[in-house]
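K.L.:
The structure under discussion is supplied below as structure tokens; questions concerning it will follow.
The values are calculated or read from the model by the stated rules, or taken from the named source; none is laboratory data. Values in this document were obtained by computation on a predicted structure and should not be read as measured data. Cβ placement follows ideal geometry from the backbone for every residue including glycine, while neighbour counts extend to all protein chains displayed. Each accessible area value is taken on the protein alone, full model and side chains, heavy atoms only, with ligands, DNA and RNA left out. Shrake-Rupley method; radii C 1.70, N 1.55, O 1.52, S 1.80 Å.
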Amino acid sequence: MQRKKINKRKIHRKVASLSAIPLLITLISGTAYSILQPLGVDAFWLIKWHTGNFGIFNLQPFYSIFLGISSIISVISGIKLLQKNA
């Protein structure tokens, strides 16, 4: 039982750390764009970053899927870790 708990923690830690930077980029770029748009600042590059287009690295076909799946895995593994019997 102790071994399963350690594995769940490892999975949660790895998935959360792997998805932290892309989630932070998405959060900051979306927030910054929504603040700058009413001020008349055209920062379309923020929307590109928000959707995973980083210039020479265009991850748009996979970016949203990755963020969604990693978020779901992080939430589920986090909930499992909070349960007393886990």
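K.L.:
Would you mind calculating the relative contact order of the stretch 14-68 from Cα pairs under 8 angstrom and at least 6 residues apart, reporting the percent as a whole number?
P.N.:
Across the stretch 14-68, relative contact order equals 31 percent.
K.L.:
Something else now. So what J values fall out for the stretch 55-62 if you push phi through Karplus, 6.51 cos²θ - 1.76 cosθ + 1.60 with θ = phi - 60°, rounded to Hz, Gly and Pro as x?
P.N.:
x, 6, 9, 9, 9, 3, x, 10
K.L.:
Using a simple charge model, +1 on the beta-carbon of Lys and Arg, -1 on the beta-carbon of Asp and Glu, nothing else, what dipole does the chain show about its Cα centre, in debye to the nearest 20?
P.N.:
1020 debye
K.L.:
Work out the charge dipole of the chain with +1 on the Cβ of Lys and Arg and -1 on the Cβ of Asp and Glu about the Cα centre, then indicate which of Phe62, Asn7, His50 is farthest towards its positive end.
P.N.:
Asn7
K.L.:
Among rounded, prolate and oblate, which fits the stretch 19-86 when a ≥ b ≥ c are the square roots of the eigenvalues of its C-alpha gyration tensor, a/c under 1.5 means rounded, and a/b larger than b/c means prolate?
P.N.:
It is oblate, given that a/c is not under 1.5 and a/b is not larger than b/c.
K.L.:
Same structure, new question: Any idea of the accessible area per residue across the chain, 1.4 Å probe, to the nearest Å²?
P.N.:
Accessible area per residue, the chain: 76 Å².
K.L.:
Turning to a different aspect of this structure: Pairs on different chains or at least eight residues apart, Cα atoms closer than 29 Å: how many lysine pairs in the chain fit?
P.N.:
Step by step, the pairs that qualify in the chain add up to 13.
K.L.:
Sum up the charges of everything whose Cβ sits under 15 Å from the Cβ of Tyr33, counting Lys and Arg as +1 and Asp and Glu as -1, but leave Tyr33 out.
P.N.:
Local charge sum for Tyr33: 0.
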